[in-house]
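Participant: Handing you a structure now.
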Amino acid sequence: MASILDLPDECLIMIYKKLNRNDQKNIWSNVCKRFKHICFQYFPNSTELNDNLATKYGHLIGTDDFPLRTIKRLNLSKFECTKYFLNKLRDCHKEIEEAKLYYFTDEYLAELIPLPNLKKLNCVAFYNFRGRGLIELDSLTELHIHSSSFFDPKYLLQLTYFNPLRILVMPKYPDMFSNRYAFEMIENLKNVEQLGTKFHHCKSWQLVGTLPKLQKLEIWRFNSDQCETCLNDQNLYKRCEMQHRKFFFDELLRRNQLEELAISEGYVSMQHILKIAELTNLKRLIFYKTSIVNFSLVFKDLVNLEELHLHECDDIYAEDSLELIRCCKKLKVLFLGSVYGVTAYFLTEANDILSRRQPAPIETLQMIS
C-alpha cells in the first residue's frame, strides 16, 4: 500500500507549506525523523539556532538527528544551554557567523569560544562580565556589549587589536578611552565606522573625534558643561568653560565625515549645539532627553539632513519646525516628541512648504509627534 512516506521531499515540503497553524506544524514535526527534517528544511530561520530548538533538540547536537545541518546564527540564553551543549556546538559548527547571547558569564562564554568564523557578537545582560572569554576571537567585525560596566579595559584593548572591528557599541561602559589605554585604543579602532560609547569626563575621551573612518556616533550620558578640571575644583568652572569638549568637536568638524549623531540622556550646551550644526554631512541627528532652544534656526543649515529625532526634549513647538522643513530639502523624517502646537495652521503651512519643493521629493516627509 502506498504511503505518504513514499513521496519525494519536494512534495512533502509543499504539503508542509500548506499548514497554516503552529500546532499543525508541531504535530507534523513530531510524526517521525523525516518529517522533522522536512519541517526544518522549510523553516524560514533554518540556519538560526534559538532557545526553543536548544531546549527540544539540544541533546542531539553533533548527531545526524539534530535538525539543523548548518548553523549561521545563534540566539541563545545561558539558561537553555549546558556546557556540554556549548562545547559540541563549538566543535561541530565552526560555520557560525553571528551570535546574540543573553545572561552569559565569562565562564560560560569560554565553553563556546572560539568560533573561527564569528563576525557579529551581541552580548546582552551578561553578569559581572569582564571580557576574558572574548580574547581568543580574531574575526569579529561587529561587537555589541549591553551589560554591566565591569569590562576589563586590558581585555578590550586585546580584543580591538586582534579583530577588524567596523562596529563597536558599549553603551554602559565609560572607560573605553580611559587615560591609560586611550591612544592605543584609538589606533586599534582606526577602521571603526560606527561607535557607541558612554561619555567620560577624562580629557582622553575626546580622542573619539579623531577616529579616521567614523560615520555613526552614539553617545550616552553626554555632559558638555563639565570636565576633569571643573569636577576637581568648581571655582575653575568659568575659566575653562569655553574649552569643554572643544578638541572633540573641533576634530569632528575638521573631518566633517559624520553621517549620524545620537546623544542620549545628557546635557549639550548651546555652544556645542552650534558646533553640531556645522557638521554639514549629517544625514541623521537624534537627541534623547536633551533641551534644545530654537532648534529649527540652529539646524536649518544642515542641507544633507534626512532625519531629525527629538525624543522627550523639553519645550518643542511644532511651528518652530517650519523653517527647518523649508531649508532642509532632503528631510524625510521629523520626529518631535512631546510637541506643542500641532494646529490646523501648522499643518496647512507645512503642506504648503512641501508642495513647493523642487524637484518634488521621491519620498514624502514623515512627521511624527
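Participant: In debye, nearest 20: dipole of region 122-195 around its Cα centre with unit charges on the Cβ of K, R (+) and D, E (-)? Don't jump to the answer; show the numbers that get you there.
Facilitator: On the way: 7 positive and 8 negative charges, 39 e Å.
It works out to roughly 180 debye.
Participant: Compare Gln271, Gln194, Gln257 in a GNM of the chain, Cα atoms joined below 10 Å, and give the one with the largest fluctuation.
Facilitator: Comparing Gln271, Gln194, Gln257 in a Gaussian network model of the chain, the most mobile one is Gln271.
Participant: Based on DSSP H runs of at least 4 residues, each adding -39500 (n - 2.57), what is the mean residue ellipticity at 222 nm of the chain after dividing by all its residues, to the nearest 500 deg cm²/dmol? Show your work: numbers first, answer last.
Facilitator: Values: 15 runs with 117 residues, N = 369.
For the chain, the value works out to -8500 deg cm²/dmol.
Participant: Might you report the magnitude of the Cβ-based charge dipole of the chain about its Cα centre, with Lys and Arg at +1 and Asp and Glu at -1, to the nearest 20 debye?
Facilitator: On the way: 48 positive and 47 negative charges, 116 e Å.
Charge dipole of the chain: 560 debye, to the nearest 20.
Participant: Sequence-distant or interchain residues sharing an amide H contact under 5 Å with Cys313, placed H: which?
Facilitator: Hits under the 5 Å cutoff: Lys289, Thr290, Gly337.
Participant: Springs between alpha-carbon pairs under 10 angstrom, Gaussian network model over the chain: which of Val342, Val192, Val303 fluctuates most?
Facilitator: In this elastic network of the chain, the residue with the biggest mean-square fluctuation among Val342, Val192, Val303 is Val342.
Participant: About the Cα centre of region 290-359, what is the dipole size in debye to 20, counting +1 per Lys and Arg Cβ and -1 per Asp and Glu Cβ, all else neutral? Each step should come with its number before you reach the end.
Facilitator: On the way: 7 positive and 11 negative charges, 93 e Å.
For region 290-359, the charge dipole is close to 440 debye.
Participant: Of the listed pairs Lys17/Lys119; Lys198/Lys275; Lys190/Lys300, which have alpha-carbon separations greater than 25 Å here?
Facilitator: Numbers: Lys17/Lys119 32 Å; Lys198/Lys275 20 Å; Lys190/Lys300 32 Å.
The pairs that break the limit, which is 25 Å between Cα atoms, are Lys17/Lys119; Lys190/Lys300.
Participant: Related question: Projecting each Cα onto the charge dipole of the chain (Lys/Arg +1, Asp/Glu -1 at the beta carbon, about the Cα centre), which of Cys11, Leu74, Leu214 comes out farthest on the positive side?
Facilitator: Cys11
Participant: P(r) for the chain: what percent of alpha-carbon pairs falls in each 20 Å bin, starting at zero?
Facilitator: That works out to 24, 41, 30, 5, 0, in percent per bin.
Participant: Name the residue from Leu305, Tyr108, Cys92 whose Cα lies farthest towards the positive end of the charge dipole of the chain, charges +1 on Cβ of Lys and Arg and -1 on Cβ of Asp and Glu.
Facilitator: Going by the charge dipole, the pick is Cys92.
A short reminder: the numbers here are calculations on the coordinates, not readings from a lab. Computed from a prediction, not measured in an experiment: that's the story for all the values here. Heads up, the Cβs are rebuilt from the backbone with ideal geometry, glycines too, and the neighbour counts pull from every protein chain shown.
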